[in-house]
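The values are calculated or read from the model by the stated rules, or taken from the named source; none is laboratory data. Note that the coordinates shown come from a computational prediction; the quantities given were computed from them, not determined experimentally. Virtual Cβ from ideal backbone geometry, glycine too; neighbours counted across all protein chains shown. For the accessible areas, the whole protein counts, side chains as well, though only heavy atoms, and no ligand, DNA or RNA atoms are used. Shrake-Rupley method; radii C 1.70, N 1.55, O 1.52, S 1.80 Å.
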Amino acid sequence: ENAQKLAEFLEQNEFVKKVFYPGLSSHEDHALAKKQMKGFGGMLSFELKDLDSTTFMKYLKLIKPSMSLAGVESTILSPTKTSHALLTAEEREEQGIGDQLMRFSVGIEEAE
């Protein structure tokens, strides 16, 4: 439920270019996910608009930047700085992983 609320919030945010979450009707596989899943999980990704991931994470106050996503608390990371750091910029771009992409593991905190 928290991830759904956050995905909906981010989708309306002027600083977010795109949200990747199967619970959103805008997701390309939403209909399939709805058939296969009882809920849509706590993991989502989003692309920032005109802001790099390092600057964005520097200003977070409640969410912890992390090197991996796990646990019950919300964490966030930039794949270009962690899981995909060894790939070239061209290889990452081919996979759709740009410098503005964020991965977010939504925790059990109150959504607000």
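Spot the failing condition for Glu47; the list is (1) in contact (Cβ under 8 Å) with a residue 60 or more places away in the chain; (2) farther than 20 Å from Ile108 by Cβ, and only one is missed.
If we test Glu47 against (1) in contact (Cβ under 8 Å) with a residue 60 or more places away in the chain; (2) farther than 20 Å from Ile108 by Cβ, just (1) comes out false.
If Val19 passes every condition in (1) under 19 Å from Glu1 (Cβ atoms); (2) outside any strand (DSSP E or B) but one, which one does it miss?
Of the numbered conditions (1) under 19 Å from Glu1 (Cβ atoms); (2) outside any strand (DSSP E or B), the odd one out for Val19 is (2).
Spot the failing condition for Thr82; the list is (1) open to solvent by 60 Å² or more (accessible area, probe 1.4 Å); (2) among the polar types (S, T, N, Q); (3) touching a Ser or Thr at 6+ places or on another chain (Cβ under 9 Å), and only one is missed.
Single failed check for Thr82: (1).
Could you look through the stretch 22-40, keep only residues that are surrounded by 14 or more Cβ atoms within 10 Å (Cβ to Cβ) and at pLDDT 90 or above, and pick out the one that is nearest to Ile108 (Cα to Cα)?
Filtering the stretch 22-40 for residues that are surrounded by 14 or more Cβ atoms within 10 Å (Cβ to Cβ) and at pLDDT 90 or above, the one nearest to Ile108 (Cα to Cα) comes out as Phe40.
Identify the single condition in (1) closer than 26 Å to Glu110 by Cβ; (2) loosely packed, with under 14 Cβ neighbours inside 10 Å that Pro65 does not satisfy, given that it satisfies every other one.
Of (1) closer than 26 Å to Glu110 by Cβ; (2) loosely packed, with under 14 Cβ neighbours inside 10 Å, only one is false for Pro65: (2).
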